[in-house]
1. Once you have a ≥ b ≥ c as the square roots of the Cα gyration tensor eigenvalues for the stretch 17-141, tell me rounded if a/c is under 1.5, and otherwise prolate or oblate according to whether a/b is larger than b/c.
2. Enter the accessible area per residue of the chain (Å², integer; probe 1.4 Å; all protein chains in place).
3. From the Cα gyration tensor of the stretch 3-43, with a ≥ b ≥ c the square roots of its eigenvalues, which class applies: rounded if a/c is under 1.5, or else prolate if a/b is larger than b/c, or else oblate?
4. Over the stretch 39-141, with every protein chain in place, what whole percent of the accessible area is carbon and sulfur at 1.4 Å, could you tell me?
5. With charges only on Cβ, +1 for K and R and -1 for D and E, what is the dipole size of the stretch 18-126 about its Cα centre, in debye, rounded to 20?
6. Would you work out the relative contact order for the stretch 46-125, in percent, from Cα pairs under 8 angstrom that are 6 or more residues apart?
Amino acid sequence: AVERTLSIVKPDAVGKNVIGEIYSRFESAGLQVVAAKMLRLSEELAGGFYAEHRERPFFPALIGFMTSGPVMVQVLEGENAIAKNRELMGATNPKDAEPGTIRADFAESIDANAVHGSDSAASAEREIAYFFAASDVCGRS
Ligand code: CMP
């Protein structure tokens, strides 16, 4: 089925100037960018986005990293978009990521891991609504 998923190009990848290379991976895999914006996350915005991780030991480092520089946030649309994006990203820890995935090629560590992608249909719905109004999403399906 055609799905939508939320993707974030994190501060490390923005800093490496590889937004376009990462977008090319999405497009080559048949995913379309149907909404996008660049912003610098505040602690409040980052904390709300990652609320499910609030009690985890890595939460302070995660928020510190995600607010360290601008991010690019986008909605990707396409057949099986949620799983397809996760395949393109590779494992959360770049040490475990398959060769040729975004994290294997661009990420340095489990914190500076280049990209975020929704992990389920429910997360995708919540995460897209967290950043975009329905009228901001320019679906083509
Ligand atoms: P992301 O997919 O954005 O979701 C939460 C982020 O927390 C994750 O990517 C990692 O960058 C970061 N993180 C740091 N340590 C861990 C950990 N032990 N398990 C999962 N995520 C972690």
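1. Details: a/c = 1.57, a/b = 1.11, b/c = 1.41.
Oblate, since a/c reaches 1.5 and b/c is not below a/b.
2. Working: 6950 Å² over 141 residues.
Heavy-atom accessible area per residue stands at 49 Å².
3. Values: a/c = 2.65, a/b = 1.37, b/c = 1.94.
Note, shape of the stretch 3-43 comes out oblate.
4. Working: 2770 of 5260 Å².
Here it works out to 53 percent.
5. So the dipole magnitude of the stretch 18-126 works out to roughly 140 debye.
6. Working: 71 pairs, mean separation 18.1, N = 80.
Over the stretch 46-125, the number comes to 23 percent.
The values are calculated or read from the model by the stated rules, or taken from the named source; none is laboratory data. The model shown is predicted, which means the values in this text are computed figures rather than measured ones. Ideal geometry is used to build each Cβ from the backbone, glycine not excepted, and the neighbour counts take in all protein chains shown. The accessibility values were calculated without ligands, DNA or RNA, using every heavy atom of the protein model including side chains. Shrake-Rupley method; radii C 1.70, N 1.55, O 1.52, S 1.80 Å.
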